[in-house]
Amino acid sequence: MVSLEYIKKAPESCGVYLFKSKGRPIYIGKAKNIKSRLLQHFKNSETDPKERSIVTHSDSIEWIVTRNEYEAITLEIDLIQLYKPKYNVMHKHGSGYPVLVITQDTYPTVKVVRGTQHEGIIFGPFFSMHKAYKVKKLIHKLYKLRTCDPMPQRSEPCMDYHIGLCSGPCCGLISKQDYRLMVDCAVSALSGEVGDVLDRLYNLLEENMKNLNFERCALIRDQILSLERLAQGQKVSGLSLKHADVFYSMGKLLGIFLIRSSKLVDKKVLQLDSQEEISEILLGFYYSNPVPPYLVVNFPLEDEVKEWLQRRGALQIVQDMEPELKELIEDNMGSHVDMEVFKEELARVLKIPPLYVIEGFDVSNFYGEFTVGSCVVWEEGLFNKKRYRRYRIRTVEKVDDYASLGEVLTRRARRLKEGQERMPDAWLIDGGLGQLSVAIRVKERFSLPIRVFSLAKGEEVLFCEDGRQVRLKEHPVLYRVFGYIRDEAHRFAISYNRHLRRKEFMTDILDRIKGIGEVKKKLIYSHFENLYEFIKARDEELRRLGIDPAIKQEVERYISNG
């Protein structure tokens with residue numbers, strides 16, 4: 001730990017400082033006055049756990065004096081991206097998210113990449129790789145852009161052509177003119193600007209109708225319908241800003257919302273340790289992601305932050321948020337609520353003390369098979385996905401939701417009683433009075449010091465242990481919290497059920513192919529979501545897993561032959 005006397009020797013100038021441990025930066029910051037800021041770190045370390053860790057784990061501090069605050073912020077960002085210090089959040093939440101790129105080839109395709117240094121038309125970012133690939137697959141399905149990269153020359157089209165994901169330009173099965181129209185359709189779908197392309201599609205539809213090319217007509221009809229639905233707008237629309245990013249601060253929460261074509265297309269909510277992290281995350285976000293025409297914020301920005309952002313692109317910063325946008329953003333903060341307001345509602349409506357940790361449970365089955373249970377954990381306004389648990393039902397053979405729920409709750413209760421998990425303040429069960437009764441019996445059997453509720457779908461009635469029934473739609477704050485926990489438990493149970501069914505389907509097919517033993521089967525369905533992903537895997541990837549690429553060809557041949 002560096003001595004306070006050493007800190008007092010720091011310059012009273014603007015610049016960047018580095019807390020180091022064994023020669024490597026663990027925290028990098030900027031300051032208008034380096035000495036004053038370092039002394040503040042030491043003072044805050046008395047009460048703030050993060051500050052205490054930074055100060056106690058560092059064995060040296062270095063600083064770099066800059067000519068002005070803009071140079072300081074630029075140097076800080078570059079150093080954080082270079083060293084990725086443990087205690088800086090920029091590289092955790094401000095890293096490059098995936099974007100889609102329509103390439104500039106003779107026959108363009110769509111790629112998922114990170115960053116902005118790519119030739120072509122960029123769309124995004126997306127907050128999850130899964131969502132980016134899902135949109136990419138939809139583009140291939142609707143507009144048949146080539147899937148091979150680079151494009152080979154073939155005499156016969158590949159499997160993607162036969163399953164409707166590619167138009168076969170490698171074999172000359174589509175003209176350059178028609179392919180260009182499909183590229184323009186993909187760009188229109190991604191940008192939301194569909195007007196010009198629709199007219200060209202209608203003309204192409206009429207031309208194919210005259211030539212009695214009905215299969216082609218059906219494809220064009222589907223493309224027209226998809227673009228028209230996009231033109232009509234999604235559920236959320238009508239915003240005056242066409243393309244903008246919104247950073248919305250609410251207590252220790254920071255919401256990032258992407259507005260494209262006047263529609264909310266993606267969002268991410270982060271939990272912060274302090275308000276000071278907001279600027280760091282914002283700067284890191286635009287270090288690696290495209291800059292939109294407008295940035296909307298509900299908090300003040302330092303002049304050097306504004307200058308750095310505006311040098312990244314033609315960006316207008318808006319701080320006066322229109323009421324419609326503010327309402328939209330607050331509605332989409334999801335289950336995140338002001339904890340003080342939530343506590344007040346619990347006391348006023350339910351007459352109970354604060355609930356800081358709530359566990360939600362649900363049970364799911366598929367026509368009596370693959371019965372599973374889920375446990376999700378809500379902690380002070382956020383879902384803690386690290387503590388989620390899923391259960392494969394072991395003791396119930398027939399369709400019996402009550403018995404299955406009893407097994408899930410009993411297994412959870414044992415872990416809570418043994419101290420293997422943090423004791424929650426309440427359980428929330430997806431269901432009605434029957435499910436509530438099961439939960440009460442398990443709670444009493446293990447003497448758990450928790451409250452138990454159940455929330456029925458449809459009428460949205462919250463059933464309490466004391467017999468009260470509360471219509472949550474009349475209490476929006478409570479409905480937001482309890483409703484989201486119930487829905488998240490249901491989603492998590494359904495996703496596990498589907499995962500098991502996909503795995504069973506994969507295993508069934510793999511059982512029919514010679515040369516695939518139990519070890520190889522486990523490798524395949526543990527590393528690939530489905531057989532399509534397995535077939536698309538690169539040979540090098542399969543070899544790293546110890547799988548002979550010839551197995552992939554056998555699976556592809558089996559599926560193709562039906």
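Tabulated results
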{"quantity": "Out of 54, 28, 61, sole residue that is surrounded by 13 or more Cβ atoms within 10 Å (Cβ to Cβ), within 37 Å of the chain's Cα centre (by Cα), in a helix (DSSP H, G or I) and not polar (S, T, N, Q)", "calculated": "54"}
{"quantity": "So residue 431, is it at positive phi and crowded, with 18+ Cβ neighbours inside 10 Å", "calculated": "yes"}
{"quantity": "Selection within the range 181-240 - β-branched (Val, Ile, Thr), under 28 Å from the mean Cα position of the chain (by Cα) and at pLDDT 75 or above", "calculated": "183, 187"}
{"quantity": "Output for the range 139-155, where each listed residue is hydroxyl-bearing (Ser, Thr, Tyr) and either surrounded by 15 or more Cβ atoms within 10 Å (Cβ to Cβ) or not assigned by TED's automatic domain parsing to the domain that holds residue 223 (or both)", "calculated": "143, 147"}
{"quantity": "Residue under evaluation residue 273, criteria (1) out of contact with any Leu (no Cβ under 9 Å at 6 or more places or on another chain); (2) acidic (Asp, Glu); (3) at pLDDT 80 or above, criterion not met", "calculated": "(3)"}
{"quantity": "Count - residues of the range 238-255 that are free of Cβ contacts under 8 Å to residues at least 40 places away in the same chain and in a strand (DSSP E or B)", "calculated": "1"}
{"quantity": "Failed item, numbered, when residue 155 is tested on (1) assigned to a loop (DSSP other than H, G, I, E, B); (2) closer than 30 Å to residue 285 by Cβ; (3) out of contact with any His (no Cβ under 9 Å at 6 or more places or on another chain)", "calculated": "(2)"}
{"quantity": "Qualifying positions in the range 372-411 - among the hydroxyl-bearing types (Ser, Thr, Tyr) and without any contact (Cβ under 8 Å) to a residue 40 or more places away in the chain", "calculated": "391, 395, 402, 410"}
{"quantity": "Any pair with Cβ under 8 angstrom, 6 or more apart, that starts in the range 201-217 at a residue that is under 16 Å from residue 180 (Cα atoms) and ends at one that is assigned to a helix (DSSP H, G or I) and among the charged types (D, E, K, R)", "calculated": "204/178; 205/221"}
{"quantity": "Meets criteria (buried (at least 17 other Cβ atoms within 10 Å of the Cβ) and at pLDDT 90 or above) for residue 309", "calculated": "yes"}
{"quantity": "Search result, residues across the range 294-324 that are farther than 19 Å from residue 116 by Cβ and of a type in the set (Lys, Arg)", "calculated": "306"}
{"quantity": "Residue 46 being out of contact with any Cys (no Cβ under 8 Å at 6 or more places or on another chain), free of Cβ contacts under 8 Å to residues at least 12 places away in the same chain and buried (at least 19 other Cβ atoms within 10 Å of the Cβ)", "calculated": "no"}
{"quantity": "Residue in the range 12-30 that is over 21 Å from residue 284 (Cβ atoms), outside the structural domain of residue 286 (by TED's automatic domain parsing) and touching a strand residue (DSSP E or B) at 6+ places or on another chain (Cβ under 6 Å) present", "calculated": "yes"}
{"quantity": "Test: residue in the range 69-76 that is outside the structural domain of residue 281 (by TED's automatic domain parsing) and within 19 Å of residue 273 (Cβ to Cβ)", "calculated": "yes"}
{"quantity": "Enumeration of residues in the range 330-358 that are at pLDDT 85 or above and touching a strand residue (DSSP E or B) at 6+ places or on another chain (Cβ under 6 Å)", "calculated": "355, 357, 358"}
{"quantity": "Residue count for the range 462-486, restricted to those that are within 12 Å of residue 428 (Cα to Cα) and at pLDDT 90 or above", "calculated": "9"}
{"quantity": "Which numbered condition residue 355 fails, given (1) assigned to a loop (DSSP other than H, G, I, E, B); (2) touching a His at 6+ places or on another chain (Cβ under 9 Å); (3) under 26 Å from residue 390 (Cα atoms)", "calculated": "(2)"}
{"quantity": "Per-region count, the range 270-286, residues in contact with a Ser or Thr (Cβ under 9 Å, 6 or more places away or on another chain) and buried (at least 17 other Cβ atoms within 10 Å of the Cβ)", "calculated": "4"}
{"quantity": "From the options 415, 411, 394, 348, residue that is in a loop (DSSP other than H, G, I, E, B), not aliphatic (A, V, I, L, M) and not assigned by TED's automatic domain parsing to the domain that holds residue 303", "calculated": "394"}
{"quantity": "Condition broken by residue 37, with the remaining ones in (1) assigned to a helix (DSSP H, G or I); (2) closer than 30 Å to residue 124 by Cα satisfied", "calculated": "(2)"}
{"quantity": "Failed item, numbered, when residue 159 is tested on (1) over 25 Å from residue 553 (Cα atoms); (2) surrounded by 14 or more Cβ atoms within 10 Å (Cβ to Cβ)", "calculated": "(1)"}
{"quantity": "Filtered residues of the range 256-282 (kept if in a strand (DSSP E or B), of a type outside the set (A, V, I, L, M, F, W, C) and within 12 Å of residue 244 (Cβ to Cβ))", "calculated": "260, 263"}
{"quantity": "The range 110-134 residues that are within 15 Å of residue 289 (Cα to Cα) and free of Cβ contacts under 8 Å to residues at least 40 places away in the same chain, paired with ones that are of a type in the set (Phe, Trp, Tyr) and in a helix (DSSP H, G or I) (beta carbon under 7 Å, 6 or more apart)", "calculated": "112/133"}
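The values are calculated or read from the model by the stated rules, or taken from the named source; none is laboratory data. Keep in mind that what you see is a predicted model, and the values were worked out from it rather than measured. Please note: Cβ atoms are built from the backbone with ideal geometry, for glycine as well, and neighbour counts cover all protein chains shown.
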